[in-house]
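A.B. asks: Quick one: this structure, given as structure tokens, is what I'll be asking you about.
Only the coordinates and a few stated rules stand behind these numbers; no lab work does. Nothing here was measured: the structure is a model prediction, and the numbers come from that model. Glycine also receives a Cβ, built like all others from the backbone with ideal geometry; neighbour counts cover every protein chain displayed.
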Amino acid sequence: MRRTSILPIPGLNIVAPVRPVVGSHSDAAPVRSFPMTPGRRVPAAGGRGGMGLEGKEMAHERFMTDDLRHCVQECLECRRISVETITHCTTLGGKHVQPDHLRVLADCVQICGVAADYMLRISPYHPRICGVCAEVCAACADSCQQVDPHDRTMSQCVEICRRCADACRRMAGLAAS
């Protein structure tokens, strides 16, 4: 019998069609897609009815405070300027490509992305990640300030990294209190 099963994705109100693995590909039923459009009702796990999205906030929206949103934005902005600064530094060469300087810029890129991801998922570990992010962003700002305090791109990186470090410190402290 040809049949397509529905596989619930844990933690999300999304289901994915699954093609059974029986015999050859010609024996398998075609996979039906469920486009995710705004307001579409998505079947709950096991096909026990749907959850209406019309007029309802997403479940994680309850936990997304203004401070959390602000910190995510600061992390994403810091990640962006750090990537741009790496490109800028490698173009300039000289003191701008010192290994320790490029390493802290790369660390900043990575930790800011990770911190934003953890906060967006409302991970219980995000305060600790934000604490590390604050430390790395402060080190990145210091490094850029030391390498070339008069360069426009480096100065932007210093400013944005310090703002991100402050936001992450607050986020780490908010959760601790």
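A.B. asks: Within the set of pairs 6 or more residues apart or between chains, which connect a residue that is of a type in the set (D, E, K, R) inside segment 132-147 to a residue that is assigned to a helix (DSSP H, G or I) with Cβ atoms less than 8 Å apart?
C.D. replies: Matching pairs, first to second residue: Glu135/Ala165.
A.B. asks: For the list (1) more than 22 Å from the chain's Cα centre (by Cα); (2) β-branched (Val, Ile, Thr); (3) closer than 18 Å to Val72 by Cα, I need the number of the one condition that Val97 fails.
C.D. replies: For Val97, the exception is condition (3).
A.B. asks: Any chance you could count how many residues in segment 69-81 are among the acidic types (Asp, Glu) and surrounded by fewer than 22 Cβ atoms within 10 Å (Cβ to Cβ)? Show your work before the answer.
C.D. replies: Initial filter on segment 69-81 (among the acidic types (Asp, Glu)): 74, 77.
Narrowing further to those that are surrounded by fewer than 22 Cβ atoms within 10 Å (Cβ to Cβ): 77.
Within segment 69-81, residues that are among the acidic types (Asp, Glu) and surrounded by fewer than 22 Cβ atoms within 10 Å (Cβ to Cβ) number 1.
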